[in-house]
Amino acid sequence: MNNTNLKDIEKRTYISYHQDGLLDIFIGTYILLFGIGILLQTITDFSTWFVIPAIFPALMVPIWMSAKKKITIPRIGYVKMGNKGSNKIMAVFIGTAVAGLGMFMLVSFGSNLDWAVAIKDQIISNSMIIIGIAGITICSIFAYSTGLKRLYAYGLITFIIFITGYFVSIPFAYFLLTIGTIITISGFILLWQFIKKHPLIDGGIVSDK
Amino acid sequence: MTNDPAKLKKINRLIHEPTRLTIMMQLYVVESADFLFLLNQLQMTPGNLSSHLSKLEEAGYVDIVKEFIERKPHTALQLTKKGREAFKEYKKNLKQVFIDLPKTPKK
């Protein structure tokens, strides 16, 4: 037994707790709503797309916790992971948020600086490639740190779709709708498999007594 | 194996038992887990898991909290500070035994 084995156990534990597909359903739905919001904005000329992604996470957390409580915990039990794992995920979240905010600031307020304008032009003209690379990088980091291998596939799909978008002229919302639909469907398939694999025992074994 | 029997004597026998070792390993990597989760992860029978947990609880390595959640009995488990220290010590001692193992002579 060494540290690698303990890390394997930690990863296996994390994977088994997220094999229910709920995470995929919520992430997929979030991307899907983002796409719908952008699409609505172009159709109705109303800035709803700011509202949808802003409200959804606030609703998502209690719904996700409730779904875990009703579907996952009665079937496979409850586990609280240590801080180490969640710190790693939080670091990726913060890193992604800071990079995104930096890019947003540069594009929004960088018009007074020559170098910023040059970078901004590059970002805008290559935005599809940048989003594709960001997608595959973030998914790969999450996949590596959590052990959830299907995130590699999501990253690859995101990369392929956005690179295709660089060459094909289709509204941006459709790319998000495609990715969101794929991830959501994948989540529902995982949920179906999970429920089949772990049927609810009458009353459940939740105690040794 | 090591030439020094004293090093082998340092190995904690309570933890060294394979089933209890897997329980300790599983609880070591998480903050807490419940009885059902351990049962699923370790593929054990309720009786077997329960008896090993009792031994670990007696040694003060595992904290077992029995409660009722929505009128159903629920058993929450976590390693105590003593249990974590004992497991770290066990890991260190076991590693030491194999570090001292002489290389296999060439035939």
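The single condition among (1) out of contact with any Gly (no Cβ under 7 Å at 6 or more places or on another chain); (2) more than 10 Å from chain A (Cβ to nearest Cβ); (3) closer than 15 Å to B:K88 by Cβ that B:A6 does not meet is (3). Can you confirm whether segment B:1-12 contains a residue that is part of a helix (DSSP H, G or I), at pLDDT 90 or above and surrounded by fewer than 19 Cβ atoms within 10 Å (Cβ to Cβ)? No, because not a single residue in segment B:1-12 is part of a helix (DSSP H, G or I), at pLDDT 90 or above and surrounded by fewer than 19 Cβ atoms within 10 Å (Cβ to Cβ). Taking the criterion of being part of a helix (DSSP H, G or I), facing chain A (nearest Cβ under 9 Å) and either of a type in the set (S, T, N, Q) or farther than 22 Å from B:E67 by Cα (or both), the residues of segment B:29-50 that qualify are B:N40, B:Q41, B:S50. Can you find a residue that is polar (S, T, N, Q), in contact with a strand residue (DSSP E or B) (Cβ under 7 Å, 6 or more places away or on another chain) and surrounded by 12 or more Cβ atoms within 10 Å (Cβ to Cβ) anywhere in segment B:82-104? No; the residues of segment B:82-104 include none that is polar (S, T, N, Q), in contact with a strand residue (DSSP E or B) (Cβ under 7 Å, 6 or more places away or on another chain) and surrounded by 12 or more Cβ atoms within 10 Å (Cβ to Cβ).
Candidates in segment B:72-88 are the residues that are in contact with a helix residue (DSSP H, G or I) (Cβ under 6 Å, 6 or more places away or on another chain) and within 15 Å of A:K80 (Cα to Cα); of these, the one that is modelled with the highest pLDDT is B:L79. Counting the residues of segment B:51-66 that are at the interface with chain A (Cβ under 9 Å from one of its Cβ atoms) and charged (D, E, K, R) gives 1. B:L53: under 12 Å from the mean Cα position of the chain (by Cα) and in contact (Cβ under 8 Å) with a residue 24 or more places away in the chain, yes or no? Yes; evaluated as a whole, the condition is true for this residue. Flag not set for B:L21, criterion: part of a strand (DSSP E or B) and within 11 Å of another protein chain (Cβ to nearest Cβ).
For A:T44, the criteria (1) among the polar types (S, T, N, Q); (2) surrounded by 11 or more Cβ atoms within 10 Å (Cβ to Cβ); (3) modelled with pLDDT of 70 or more; (4) more than 28 Å from A:I189 (Cβ to Cβ) hold in every case but one, which is (2). Of everything in segment B:33-60 that is of a type outside the set (D, E, K, R), farther than 14 Å from B:T19 by Cβ and surrounded by 17 or more Cβ atoms within 10 Å (Cβ to Cβ), the residue that is modelled with the lowest pLDDT is B:N40.
The values are calculated or read from the model by the stated rules, or taken from the named source; none is laboratory data. Treat the numbers as computed from the prediction; the structure is a model and nothing was measured. Heads up, the Cβs are rebuilt from the backbone with ideal geometry, glycines too, and the neighbour counts pull from every protein chain shown.
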